[in-house]
Amino acid sequence: DIDTALYAVTILKGQYESGYYEGEDFIAGNKIDFDKEFTKVCSAKRFVVRDFKYDSSQASKSAMALEQLQVEVDGMKSGLMRWCKTHYGEAFVAWMHIKVIRVFVESVLRYGLPVDFTAVLYKVDGKQTELINALDKALGSGDKVEDDDEEYHDFVLIRFDA
């Protein structure tokens, strides 16, 4: 929690000034309680003082529970990784199907019916602009139009990063 903090403070509980004899009379010593004064000063500064008793059995139970939860988390994480590795290929194939459907729809909307086109997938290593310029030269009419920061080519171009 950002608003609160936990501090462990060890203080001297008190001080006893020893008694003494004055003639035949014994005068008892004074006990000064630091604990009450410390609590009062902390309350004035909006700190809450709570007593703490260390219980070694509770500490060992907490450590065992933490270890058990860590084992459970590791088991769940390995199961999740196994599931992700199994289903990644399926998700990628579904994503490619969506891309193919998009190419088909854009081609029909752009060129009309009957459907007569060839879809091609290119893997480009850094020379993307050169490939697009070559495709524009080979397949396009030479008129390059840019509308509202969208690139328009005479062919359907859909980019994706795998």
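The values are calculated or read from the model by the stated rules, or taken from the named source; none is laboratory data. Predicted model, so just to flag it, every value in this text is computed and none were measured. Backbone-built Cβ (ideal geometry, glycine too); neighbour counts: all protein chains shown. We work out accessible area using only protein heavy atoms, side chains counted, and drop any ligands, DNA or RNA first. Shrake-Rupley method; radii C 1.70, N 1.55, O 1.52, S 1.80 Å.
Please report, as a whole percent, how much of the solvent-accessible surface of the stretch 43-162 comes from carbon and sulfur atoms (probe radius 1.4 Å). Can you show the working numbers first?
Working: 6340 of 11060 Å².
Taking all protein chains in place, the stretch 43-162 shows 57 percent carbon and sulfur surface.
Between the stretch 6-45 and the stretch 65-105, what is the C-alpha centre distance in whole Å? About 64 Å separates the Cα centre of the stretch 6-45 from the one of the stretch 65-105.
Do any of 53/77; 36/61; 77/127; 40/61; 99/127 go past 30 Å between their Cα atoms, and which? The answer is 53/77; 36/61; 77/127; 40/61. A 1.4 Å probe, protein heavy atoms only, puts the accessible area of residue 33 near 60 Å². Among residues other than residue 67 with Cβ under 12 Å from its Cβ, the summed charge is -1 (Lys and Arg +1, Asp and Glu -1). Under a model in which nothing but the beta-carbon of Lys, Arg (+1) and Asp, Glu (-1) is charged, the chain shows a dipole of about 560 debye around its Cα centre.
With contributions of -39500 (n - 2.57) from each DSSP H run of at least four residues, the per-residue ellipticity at 222 nm computed over the chain stands at -17500 deg cm²/dmol. Report the local net charge at residue 128: Lys and Arg +1, Asp and Glu -1, summed over other residues whose C-beta lies under 13 Å from its C-beta. With Lys, Arg at +1 and Asp, Glu at -1, the net is -2. Shown for the stretch 1-55 is the translational diffusion coefficient from the Stokes-Einstein equation, using the Kirkwood radius over Cα pairs, a temperature of 37 °C and a viscosity of 0.692 mPa s: 229 µm²/s.
Tell me the chymotrypsin sites (Phe, Trp or Tyr not before Pro) within the stretch 1-65 that lie in a loop according to DSSP and have at most 11 other beta-carbon atoms within 10 Å. Provide the component values of the computation, followed by the final result.
Details: sites: 7, 16, 20, 21, 26, 34, 38, 47, 52, 54; in loops: 7, 47, 52, 54.
Qualifying residues, ordered by number: 7, 52, 54.
If you bin all the Cα-Cα distances of the chain at 5 Å, starting from zero, the percentages per bin are 1, 5, 7, 8, 8, 6, 5, 5, 5, 4, 5, 5, 5, 5, 5, 5, 3, 2, 2, 2, 2, 1, 1, 1, 0, 0.
Of the whole protein surface, residue 18 contributes about 90 Å² of accessible area at a 1.4 Å probe radius.
Please work out the average accessible area per residue across the chain, using the 1.4 Å probe convention, and give it in Å². Display every interim value, and only then the final one.
Values: 15140 Å² over 162 residues.
Dividing the accessible area of the chain by its residue count gives 93 Å².
Charge tally around residue 39: other residues with Cβ under 15 Å, Lys/Arg +1 each, Asp/Glu -1 each, net +2.
Extending 7 Å from the Cα toward the beta-carbon at both residue 60 and residue 123 defines two label points whose distance is 5.9 nm.
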